Each structure stands twice: as C-alpha cells, then as structure tokens.
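S.K.: Would you mind keeping the following structure in view while I ask a few things?
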Amino acid sequence: MKNLWKLIPCLFFLMYRTTCIAQEEVKPFDEFEPIAFCSFNQYHPFDYIRMDNNWQLLYALRTPQTPEELKGKGYHFNSSQLNILLLGGLLEMKGRQCHTTLPIFDQQQTTAIRALSRRLAEQTMGSTEQDYKNFVKALDRQGYRDNAFSLLFSFLLDGMTWRAITPPMDKISHQLTWDGIAFVQYEPRKHMTIGTNGYGLFNMTWSDSLGVWPKRATIDRFTEQFQQHGRVVDTALISELEPLGLVNQKGEVRIPVISNLSDKTFQTLTTTIIDKNAKGLAQGLEDFKQITGITDDNYAKVILFHEMMWDTLDLLLARKIVTEPSILLSKHSDRRDLRRISFFLSQSMPKE
C-alpha cells in the first residue's frame with residue numbers, strides 16, 4: 001500500500017504531461033501577425049477565427065486529422081464550429097479528415113520567408129535605386145517633395161505595383177462571405193504599422209500613430225468640389241480643410257493630383273519600377289513555395305510581395321531616398337502635415 005501511494009503522484013504527473021503534449025500550446029491569435037487582402041460581405045475571415053476556440057482548432061488542423069483524433073488530444077468543440085469554419089472557407093474536409101486552408105506560418109517559416117523577401121528586395125533595389133531617386137526628383141520639380149514618402153508607398157508600391165503584380169481578390173479565392181486571401185505570420189514585423197485608405201479619388205497614407213483623421217463627410221465634399229471646380233469654393237468647407245493643409249485660404253488644392261504629375265517621365269519611371277519589382281518577385285516564387293508548401297501561384301505572389309514591399313520601404317528609408325513624415329510618427333504632430341500624406345487620383349483635371 002505504501003508503494004501504491006507513492007505511485008499516485010507520479011501517475012497524475014504522467015497524465016498531466018500527456019495531456020499537455022497532446023494538445024499543442026499556441027499563443028493567442030492577435031500575438032501572431034494576421035493579414036487579410038480581401039473584400040467581404042458581412043463576415044470578415046477573422047470574424048470566424050475569433051469565435052470560440054476556432055483559432056486553436058485551425059492551428060491544430062495544419063496537420064490533417066479527424067474530429068475524433070482532435071478530441072482525443074483534448075480539444076473541445078462541436079460539429080457546428082466545424083461547419084462554420086467550412087462555410088467560412090477556412091477549413092476543408094477530405095473524407096473524415098479536416099485540414100485548415102488558412103496559411104499559418106510558424107516561427108521557422110516566418111523567419112525564412114522574411115529572409116527570402118529581404119534578399120529579393122535588396123537584389124531588386126540594385127537596379128531600381130536610381131529609378132526611385134528620379135521619381136522623387138520628378139515630384140520635387142512639381143513642388144511635392146514633401147509628399148515623396150506617401151506617393152512612393154501608397155501610390156507606387158501599395159497601389160500601382162500591388163495591382164500590377166497581384167491578381168484581383170475574386171481570382172485568388174472566392175468564399176461564401178469574402179473573396180481574397182487571409183494568412184498568419186508567426187510574429188509582427190518590428191516597425192510601425194502603415195497602410196493606405198482610399199475614399200473615391202482621395203487617398204491617404206495612415207499609421208497606428210496618426211492622430212488626425214478627417215471626417216468621411218468632409219472628404220466626400222472635398223472630392224465633390226474638386227471634381228466639379230478643380231478647387232474648393234464653399235467657404236465653410238475651406239475653413240475645415242485649410243487647418244489640415246489640404247487647401248489654402250483661397251480653396252486651391254495643396255495635395256498632389258496624380259493626373260497632373262503623370263507626364264511622360266513620371267509614367268516611364270512608374271512603369272519601370274513596377275516591371276523591375278515584378279521580375280524581382282518572380283525570382284523568389286519557387287523558393288517561397290519550398291519554404292511554405294504553398295503551390296498556388298496567386299497565394300505565393302500576394303504573400304511574398306506583401307513581405308517584399310515592407311523590405312523595399314525599409315531600404316528606401318535606410319538609404320534616405322525618403323523620410324517618414326512626422327505626422328505618421330506622433331499623434332501630436334502639426335495637423336497641417338496631413339497634406340504630406342494625402343493625394344488625389346484623377347484621370348483629368350477638372351475645369352470651371
């Protein structure tokens with residue numbers, strides 16, 4: 001009997017250890033870097049992931065297994081959860097085996113993807129550095145040197161190059177409530193989060209440190225008057241826009257209008273940079289597929305160029321081809337600097 005009581009703690013330890021080994025520990029979803037390039041109707045792909053313990057299930061189902069095998073490892077779920085993930089396009093079933101369709105990259109894969117991306121960006125920069133410098137000079141001649149960061153990132157890389165290199169969302173994948181792609185990297189990159197918001201013709205670079213967000217109604221009225229008159233004629237609207245640096249006191253637009261910048265030199269530089277980035281990306285697609293196991297060309301292009309774009313931007317900053325506007329770095333920056341991160345995309349300049 002004495003020996004039996006000595007064994008009981010050991011048995012409990014073994015049972016606990018077996019359970020921990022069986023159910024894989026995974027950090028919370030938001031501690032990874034979830035990314036979505038998608039359009040959606042009512043439900044975003046991340047809405048499905050954040051329900052219940054769906055994230056833990058999807059992470060475990062990177063390895064195909066049956067619901068019974070999953071439950072045997074200590075995961076708790078019901079058939080409705082699996083059906084929701086199926087409807088959400090994040091899970092597939094082959095026979096009794098479930099497998100996540102969401103690309104989830106572990107630490108080793110994420111590190112390898114970013115090393116590949118950095119190498120491709122550096123190789124491509126070897127042939128594009130002077131093109132980027134000439135792009136900034138073209139802006140300088142137009143009086144828009146202060147807008148170089150925004151136009152290089154939001155117009156050229158995140159805009160024109162992205163659309164030229166990556167397929168339309170519905171060509172990547174078509175799901176019940178969304179089109180496009182979602183994927184998850186092991187950890188976020190160690191720099192500020194930036195992106196581009198488009199409101200019709202008006203575009204704006206944003207960051208997680210931006211403290212100035214114009215009202216959507218104000219931007220819509222700004223765009224409408226620009227289209228009608230080529231300037232703002234409403235004095236009340238001028239009083240809203242002038243403190244943001246978007247117009248002067250006469251209502252004249254102070255932000256770049258891409259149609260006005262699109263002379264032959266500007267167009268040639270834009271096309272050249274896009275073509276060179278596309279060639280640079282193509283050189284790494286096979287390596288990317290080997291790292292990730294992804295075979296779909298559209299998925300590979302989107303994910304790899306997403307990473308390559310950030311490395312390209314880092315190189316542009318490191319080589320001082322552009323500098324980050326202070327308004328993107330601090331919530332306490334001058335509101336008038338909003339003009340430095342805003343621009344119009346227009347086919348033709350309106351006339352009165």
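The values are calculated or read from the model by the stated rules, or taken from the named source; none is laboratory data. Computed from a predicted structure; not experimentally measured. Reconstructed Cβ throughout: ideal geometry from the backbone, glycine too, with neighbour counts over all protein chains shown. Remember, those area values only see protein heavy atoms, side chains included, never the ligands or the DNA or RNA. Shrake-Rupley method; radii C 1.70, N 1.55, O 1.52, S 1.80 Å.
S.K.: Filter segment 254-264 down to residues that are open to solvent by 20 Å² or more (accessible area, probe 1.4 Å) and not hydroxyl-bearing (Ser, Thr, Tyr) and give me whichever is nearest to Leu345 (Cα to Cα).
M.R.: The selected residue is Asn260.
S.K.: For segment 58-96, which positions are in contact with a Leu (Cβ under 7 Å, 6 or more places away or on another chain), part of a helix (DSSP H, G or I) and within 17 Å of Pro28 (Cβ to Cβ)?
M.R.: If the condition is that a residue be in contact with a Leu (Cβ under 7 Å, 6 or more places away or on another chain), part of a helix (DSSP H, G or I) and within 17 Å of Pro28 (Cβ to Cβ), then Leu58, Ala60 are the ones that fit.
S.K.: Lys289 - would you say it is among the charged types (D, E, K, R) and open to solvent by 50 Å² or more (accessible area, probe 1.4 Å)?
M.R.: no
S.K.: Please give the number of the condition Gly251 fails out of (1) open to solvent by less than 20 Å² (accessible area, probe 1.4 Å); (2) touching a strand residue (DSSP E or B) at 6+ places or on another chain (Cβ under 9 Å).
M.R.: Failing condition for Gly251: (2).
S.K.: Same structure, new question: Tell me yes or no: at least one residue of segment 226-233 is surrounded by 19 or more Cβ atoms within 10 Å (Cβ to Cβ) and over 26 Å from the mean Cα position of the chain (by Cα).
M.R.: The first filter runs over segment 226-233 and keeps only residues surrounded by 19 or more Cβ atoms within 10 Å (Cβ to Cβ), leaving 226, 232.
Right, trim to over 26 Å from the mean Cα position of the chain (by Cα) and you get 226, 232.
Yes, segment 226-233 contains at least one residue that is surrounded by 19 or more Cβ atoms within 10 Å (Cβ to Cβ) and over 26 Å from the mean Cα position of the chain (by Cα).
S.K.: Do the conditions hold for Gln267, that is, is it surrounded by fewer than 20 Cβ atoms within 10 Å (Cβ to Cβ), free of Cβ contacts under 8 Å to residues at least 60 places away in the same chain and within 26 Å of Leu120 (Cα to Cα)?
M.R.: yes
S.K.: Name every residue in segment 61-82 that is open to solvent by 80 Å² or more (accessible area, probe 1.4 Å) and within 32 Å of the chain's Cα centre (by Cα), in order of residue number.
M.R.: Residue satisfying the conditions is Thr63 alone.
S.K.: Moving on. For Ile327, indicate whether it is among the aliphatic types (A, V, I, L, M), touching an Asp or Glu at 6+ places or on another chain (Cβ under 8 Å) and buried (at least 21 other Cβ atoms within 10 Å of the Cβ).
M.R.: So Ile327 fits the description; yes.
Here is a yes/no grid of residues against (1) more than 21 Å from Ala36 (Cα to Cα); (2) open to solvent by 10 Å² or more (accessible area, probe 1.4 Å); (3) touching a residue at least 12 places away in the same chain (Cβ under 8 Å):
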{"residue": "Gly95", "(1), (2), (3)": "yes, yes, no"}
{"residue": "Thr101", "(1), (2), (3)": "no, yes, yes"}
{"residue": "Thr110", "(1), (2), (3)": "no, no, yes"}
{"residue": "Arg114", "(1), (2), (3)": "no, yes, yes"}
{"residue": "Gln142", "(1), (2), (3)": "yes, yes, yes"}
{"residue": "Asn147", "(1), (2), (3)": "yes, no, yes"}
{"residue": "Phe153", "(1), (2), (3)": "no, no, yes"}
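S.K.: I would also like to ask the following. What helices (runs of 4 or more DSSP H) completely inside segment 264-352 contain at least 3 residues that are modelled with pLDDT of 95 or more and touching a strand residue (DSSP E or B) at 6+ places or on another chain (Cβ under 9 Å)?
M.R.: Those helices (runs of 4 or more DSSP H) span 297-318.
S.K.: Name the residue that is surrounded by the most Cβ atoms within 10 Å (Cβ to Cβ), counting only residues in segment 169-185 that are of a type outside the set (D, E, K, R) and over 15 Å from the mean Cα position of the chain (by Cα).
M.R.: Here the residue is Trp178.
S.K.: For Ile274, indicate whether it is over 21 Å from the mean Cα position of the chain (by Cα) and not hydroxyl-bearing (Ser, Thr, Tyr).
M.R.: no
S.K.: Ok, one more. Note down all Cβ pairs under 6 Å where the first residue falls in segment 31-48 and is part of a strand (DSSP E or B) and of a type in the set (Gly, Ala, Ser), the second is open to solvent by 40 Å² or more (accessible area, probe 1.4 Å) and modelled with pLDDT under 95, and they're at least six residues apart or on different chains.
M.R.: Filtered contacts from segment 31-48: Ser39/Met169.
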